[in-house]
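None of the figures in this text is laboratory data; all of them are computed from the coordinates on show. Everything numeric in this text was worked out from a predicted model, so none of it was measured. Here the Cβ positions follow ideal geometry from the backbone for every residue, glycine too, while neighbour counts run over all protein chains shown.
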Amino acid sequence: MKVVFRTDASLLMGSGHVMRCLTLANELAKRGAKCDFLCREHSGHLGDVIHSQGHAVHLLPMGAPGAKDGYETAHAEWLGATQLEDKAHCLPILRDLHPDWLVVDNYAIDHNWSRGMESNYRRLMVIDDLADRVHQCDLLLDQNLGRQPDDYRHLVPANCSIMAGTGFALLRPEFSAYRTDSLARRKAALPHKLLITMGGVDVPNASSIILRALSFSSLPSECEINVVVGATSPWVSEVKQAARELQWPTKVLVDVRDMARLMTESDLAIGASGSTSWERCCLGLPSITLVLAENQRFIASQLAKFGAAEVLSLSKNLHQELALMIDQYFKPERLMQMSVMAANICDGLGVQRIGDAMYE
């Protein structure tokens, strides 16, 4: 089977779209599929990361700055071109590859992009989180908690298969592999390890802000703090400086490759409300989650509704609110309650289910 992914990463949008597509590509490659990626040449495009995992990467040129074609979506600025420009850049590659599946994961692309391209692929899959635009596709995936197929019925063709909910979350296989050990650890551990993870790019430098806010909290003296930042983040030096100023031992880990193990060994996470939320849930890791972008607000509200996380925002009162939450939740009984609720949300097998559906 041949699969082409049209997705992007950048310093503006972060790395989440590429990383979840890469998870799916690796699952399909294990089954014998050949996967190609079409990515625009944004700063922080992650083409080298994709290539290092064995997939071909086709970098698309940046479009004319400020150009419009009348088909702009709410996230049009993320595309780096108009939809028609992007379509023109992709068409020759799709004609040459003619994939069995074209997978599109980009908030700036809708049915206007795919219209008229049907002869260049057999099936089209869209990965979305927003339910805010029309898609012309055969399969739609929204892996978010609380999503229902009815959220998309009016946005896709009648014969489109809709896979909605965290049962289809695209997690790397190591998370399901660590799940049993991680859940067992929650029943015995006295809390002393805190994990901070704000995404690969961390556009607002939330990691540094959180570290400075923690200085007002009453973490136990034996607490150990790990901060995960992506290699493409522009804030690495500033995060390291903020870590040195804390009274607790604090490590800044860049470009972590064993996140499942790190989460398993942690007692509480402070993290962004993006796709990594489902990684934390799979491992039963209690969390305080921050809304760093508008598209994360739905995820955060659902996590709070199900009792799997507490939600904060980057407000001027963050240090007070975070200190209060640390006092309330850095206790074995409260962490265990949150862990149970989180673990019920996601089992980590979603990528296998999506792979099965694509092959069927």
* Of all DSSP beta bridges in the chain, what percent run antiparallel (nearest 5)? -> 0
* **Shape call, the range 173-343: gyration tensor on alpha carbons, a/c limit 1.5** => rounded
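Under the rule a/c < 1.5 gives rounded, and otherwise a/b versus b/c splits prolate from oblate, where does the range 1-129 land using the Cα gyration tensor? Intermediate values should be presented prior to the final figure.
Values: a/c = 1.75, a/b = 1.27, b/c = 1.38.
Note, shape of the range 1-129 comes out oblate.
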* Structure fact -> For Ala81, the net charge from surrounding residues (Cβ-Cβ under 10 Å; K, R +1; D, E -1) works out to -1
* Asked: Which number gives the lysine pairs in the range 173-343 that have C-alpha atoms under 28 Å apart and are eight or more places apart or on different chains?
  -> 16
* For Leu219, distant residues with modelled amide H under 5 Å away -> none
* Please name which of Pro173, Met198, Gly355 has its Cα lying farthest along the dipole of the chain towards the positive end, using unit charges on Cβ (Lys, Arg +1; Asp, Glu -1) and the Cα centre as origin. => Pro173
* **Two-site label geometry, Lys193 and Arg31: point separation in nm, points 7 Å out along Cα→Cβ** => 3.3
* Asked: lysines within cross-link reach of Lys87: Cα-Cα under 30 Å, excluding same-chain residues under 8 positions apart?
  -> Lys2, Lys30, Lys34, Lys68
* To do: Quick one: what are the phi-derived ³J(HN,Hα) couplings along the range 133-146, Karplus 6.51/-1.76/1.60 with θ = phi - 60°, whole Hz, x for glycine and proline?
  => 7, 7, 10, 10, 9, 9, 9, 10, 10, 10, 8, 8, 4, x
* Report, by chain and number, residues whose modeled amide H sits under 5 Å from the one on Ser273, excluding near sequence neighbours (fewer than 5 apart, same chain). => Leu290, Leu292
